[in-house]
Structures are given as C-alpha cells and as structure tokens.
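All remarks here apply to the structure that follows.
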Amino acid sequence: MEEIEFSKQLATQLASLEPKARIDFGLDIARRLLPDYLNFYQEYQWGNPEVLKRSIDYITYASGDEVDELIVNGLMDELDLIIPDTEEFGDFLTSYAINAACSIWELLEYLIDNDQTHLMHMSSLVTDTIDFKLQEENSELTSAEILSHPQIMAEWNYQLKISL
C-alpha cells in the first residue's frame, strides 16, 4: 500500500465513524505513544508526564457534548510548557516525546473543533515515530525502504482496522 492510498482510505473511514469512535481512534494513538514521553522523562528528568496522563483521562471521560473548552485550553497550555525542544535535547528520545505530547495536543484540539485533520496528524505522528525508530536502528534505510517496512505496513493496517 502506498502512503497516499493509505491516507485517503483512512480519511474516508474516519469520516464515516461516530464522534466517540473518532475520539477512541485518537486515544489509541495517544496511549501507544505515551511510553515514549515517559522514557524521555526518565532519561532527562524534564517535563511532566502527569499532564499527558490527565489530558488522556479528560479526553477518555469527555464526550462531544460535554467538552469544557476552559479545561481543554488549560490542558493545552500545560502541554505547551512540557513539550521538549529539539535544540535543547536533540536526540531520538526527544522526537518521540514531542510526537507523544503533540498527539495529545491534536486530540484536545479535535475535541474543540471536530476537525478530522487532527486525527490525520495523529496518524502521521505515530508513523513518524516508527520511522524515527527504524532510522535509529539502521541509518542507511532509504525513504522508500522505510515506507515499505513491515512495521509501517503493520501500523497502517492497524489504523485502518481500528477506524472501521
């Protein structure tokens, strides 16, 4: 499967989901990326994984009709303060932590505006994390090899499966 084909199919499937199922899709990604932030935090003792956890908890219990924009904006403000800067840390762990925090940021934004683009960004964040990890393991992989790598294919298939 090509990246463009995957993106089109995912967008179509997400559009057909009920609002709660879309949030569940995003929560799945956020929860899977959270350990990367925890690893960064353990390595550098910088940031605050509790903000990510509280954000996930809020999203889990909020429904489309019960979203409190003040709470969401407050969580986003807290997240903004704990997203690491690549210029300050500059390693793969930092990139993984950024993607984990940004996935939650995207999902919080989705709660406010229901724009499916945020979910597509989340899909890219998890795929980018896999890409980075593959590059960390083998820096000689080409872009084409990464895009056709079994781990990328498995992630795309998983996302398509959970967005049905």
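The values are calculated or read from the model by the stated rules, or taken from the named source; none is laboratory data. On a predicted model such as this, the values are computed, not experimentally measured, just so you know. Backbone-built Cβ (ideal geometry, glycine too); neighbour counts: all protein chains shown.
Please specify each residue of the stretch 39-95 satisfying the condition of being surrounded by fewer than 17 Cβ atoms within 10 Å (Cβ to Cβ) and among the polar types (S, T, N, Q).
Within the stretch 39-95, N39, Q42, Q45, N48, T60, S63, N73, T86 meet the criteria.
Just to be sure I understand the filter: pairs with C-beta atoms under 6 Å, separated by 6 or more residues or on different chains, first member in the stretch 107-134 and modelled with pLDDT under 95, second member outside any helix (DSSP H, G or I) and among the charged types (D, E, K, R). Which pairs pass?
Cβ pairs passing all conditions: none.
Tell me, which residue of the stretch 5-47 that is more than 16 Å from the chain's Cα centre (by Cα) and of a type in the set (D, E, K, R) is farthest from G90 (Cα to Cα)?
Restricting to residues being more than 16 Å from the chain's Cα centre (by Cα) and of a type in the set (D, E, K, R), the top hit is E18.
Among the residues of the stretch 75-93, are any within 23 Å of L147 (Cα to Cα) and over 18 Å from the mean Cα position of the chain (by Cα)?
yes
Does D65 count as under 21 Å from T127 (Cα atoms) and either at pLDDT 95 or above or in a loop (DSSP other than H, G, I, E, B) (or both)?
no
Those residues that are among the small types (G, A, S) and touching a Pro at 6+ places or on another chain (Cβ under 7 Å), I need them from the stretch 72-101; list them, please.
A97
Quick one: is D115 closer than 24 Å to K8 by Cβ and exposed (fewer than 15 other Cβ atoms within 10 Å of the Cβ)?
Working: closer than 24 Å to K8 by Cβ: yes; exposed (fewer than 15 other Cβ atoms within 10 Å of the Cβ): yes.
For D115, the condition - closer than 24 Å to K8 by Cβ and exposed (fewer than 15 other Cβ atoms within 10 Å of the Cβ) - is met.
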